[in-house]
Amino acid sequence: MLRKVFFSLKIIQTQFGNLFSPSVGDPDKIAHQIIRRVDQGEGPIRMALGSDAYDQIRTALLDRLAALEAQKELAYSTDSDDVVKPL
């Protein structure tokens, strides 16, 4: 199974190369973690595999959170008057 996953990762790498940016990920370690996740049958649906992926996802989520926070007053201002608001 590990060999199939590793082979698939190599095909993707060959086909697309470093399309978006150079990756610091190790295909052997990535394949191992994918197989481990499948074997466990539970855990996150999406995995950040590689520190570069983690950093990019974290930055994007923090940007989205900041955009949401900027709209908090607007969002709460449209509630019905009888809604009890959290402190």
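Bear in mind that the values in this text are calculations on the coordinates, not laboratory data. Remember, predicted model here, so these are calculated numbers, not experimental data. Note that we place each Cβ from the backbone using ideal geometry, even for glycine, and neighbour counts take in every protein chain shown.
Here are some notes:
- Region 36-87 shape via C-alpha gyration tensor axes, a/c threshold 1.5: oblate
- Counting 0.36 nm for each residue step from I45 to V24 and taking away their Cα separation leaves a gain of 5.4 nm.
- Annotation for L74 and R37: the two label points, set 7 Å from Cα along the Cα-Cβ direction, are 3.4 nm apart.
- For L49, residues with placed amide H under 5 Å, excluding near neighbours: none
- Residue-wise HN-Hα couplings along region 52-58, as the Karplus relation 6.51 cos²θ - 1.76 cosθ + 1.60 with θ = phi - 60° gives them from phi, are 5, 5, 4, 4, 5, 5, 4 Hz; Gly and Pro carry x.
- Spacing of the modelled spin labels on A53 and L65, each 7 Å from Cα toward Cβ, amounts to 2.1 nm.
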